[in-house]
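Since the structure comes first, as structure tokens, the remarks are kept for the end.
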Amino acid sequence: MLIRSWNLFHGNSVPPQREGFLDEMLRLAAADDPDVLCLQEVPAWALGRFTAGDVAARPAIGPLPITAELGRRLTEPNHGLLRSAFSGQGNAIQVSPRLRVLAHETLTLNPRRFRATQSRALELSPIARLAWAKERRIVQALRVEEPGGRTLLVANLHCTSYPADERLADAELLRAAWFAVSTAAVEDVVVLAGDFNVRAARSRTLRDLTSPEWGFAESGPGIDHILVRGAAASPLRRWPDEQRQDGDRLLSDHAPVEVEVT
């Protein structure tokens with residue numbers, strides 16, 4: 001089973017352009033028919049295209065669903081400049097028709113009460129607390145069944161980006177991991193995928209998750225990860241830049257990552 005994860009950067013390229021490239025990214029990501037495709041920073045107006053699409057940061061111009069299409073139109077003149085200012089963003093999972101979807105759940109990673117408790121424990125500064133509250137982050141989970149009967153719980157997450165203190169993302173990652181393993185059935189293979197915004201060298205949570213107590217496979221070197229528990233998995237592969245090259249630009253500021261689960 002091939003599982004791939006990609007932060008789509010709202011459909012933007014590097015360097016950013018006036019036009020968006022979301023359709024090109026989705027065609028590229030799905031060209032070889034992966035079994036599971038986990039996506040982050042998907043514009044809210046595009047979330048309906050996928051097996052599961054869930055809003056994280058709502059459009060700033062009003063409640064969904066009416067504003068999703070309006071956000072797309074307002075962003076259209078300059079995708080590179082406006083990004084998610086009007087369109088909002090979310091997480092999405094696309095699964096192959098070969099798999100049967102059994103359940104779909106979501107959890108907010110940084111609700112107010114959680115932030116307040118963690119802020120006290122971590123002794124966060126007022127600036128860090130404000131940064132943590134700026135944008136809602138979620139983890140979504142799909143429980144799926146393979147043709148042979150094996151079941152997997154795939155959790156797709158996007159943690160807060162705050163380079164000044166990566167403990168914010170670390171706390172969200174641990175919350176997402178507890179959500180995934182408590183939602184999964186005993187026999188499920190558990191997969192944590194997405195943009196964790198932490199690196200193995202500096203993350204206490206990643207060290208814990210890949211210890212014998214949690215039992216997840218080793219993580220990759222960057223901030224995009226796919227962790228697997230309950231089945232053998234290949235080492236994480238990060239796409240080389242030329243694989244997502246489009247003329248003189250790169251699609252997204254992140255490279256896709258993938259693993260084979262056997």
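Laid out as a table, the results:
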| read-out | value |
| --- | --- |
| Residue in region 121-130 that is modelled with pLDDT under 95 and farther than 16 Å from LEU157 by Cβ present | no |
| Odd one out for GLU213, checked against (1) of a type outside the set (Val, Ile, Thr); (2) without any contact (Cβ under 8 Å) to a residue 12 or more places away in the chain; (3) over 15 Å from LEU174 (Cβ atoms); (4) assigned to a loop (DSSP other than H, G, I, E, B) | (3) |
| Residue tally, condition in contact with a helix residue (DSSP H, G or I) (Cβ under 8 Å, 6 or more places away or on another chain), farther than 19 Å from GLY222 by Cβ and in contact (Cβ under 8 Å) with a residue 60 or more places away in the chain, over region 119-175 | 1 |
| Every residue from region 182-210 that is of a type in the set (A, V, I, L, M, F, W, C), without any contact (Cβ under 8 Å) to a residue 40 or more places away in the chain and in contact with a Leu (Cβ under 8 Å, 6 or more places away or on another chain) | LEU192, PHE196, VAL198, ALA200, LEU206, LEU209 |
| Output for region 239-262, where each listed residue is part of a strand (DSSP E or B) and farther than 14 Å from ILE3 by Cβ | GLN245, ASP246, ARG249, LEU250, LEU251 |
| Whichever residue in region 213-233 is modelled with pLDDT of 95 or more and either among the acidic types (Asp, Glu) or surrounded by fewer than 15 Cβ atoms within 10 Å (Cβ to Cβ) (or both) and, among such residues, is farthest from VAL190 (Cα to Cα) | ASP224 |
| Test set (1) under 14 Å from the mean Cα position of the chain (by Cα); (2) surrounded by fewer than 16 Cβ atoms within 10 Å (Cβ to Cβ); (3) of a type outside the set (Asp, Glu) - HIS254 fails condition number | (2) |
| Candidates GLN140, GLN118 - the one that is of a type outside the set (A, V, I, L, M, F, W, C) and within 17 Å of the chain's Cα centre (by Cα) | GLN140 |
| Some residue of region 201-210 being part of a loop (DSSP other than H, G, I, E, B), surrounded by 22 or more Cβ atoms within 10 Å (Cβ to Cβ) and touching a Ser or Thr at 6+ places or on another chain (Cβ under 9 Å) | yes |
| Only listed residue being closer than 22 Å to LEU2 by Cα and aromatic (Phe, Trp, Tyr), chosen from PHE196, PHE179 | PHE196 |
| Top-ranked residue in region 167-200 [being of a type in the set (Gly, Ala, Ser) and either assigned to a loop (DSSP other than H, G, I, E, B) or within 20 Å of GLU41 (Cβ to Cβ) (or both); ranked as modelled with the lowest pLDDT] | ALA200 |
| Test result for SER161, modelled with pLDDT of 95 or more and more than 28 Å from LEU251 (Cβ to Cβ) | no |
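The values are calculated or read from the model by the stated rules, or taken from the named source; none is laboratory data. Note that the structure is predicted; figures quoted are calculated from it, not measured. When we count neighbours, we look across all protein chains shown, and the Cβ atoms used for this are built from the backbone with ideal geometry, even at glycine.
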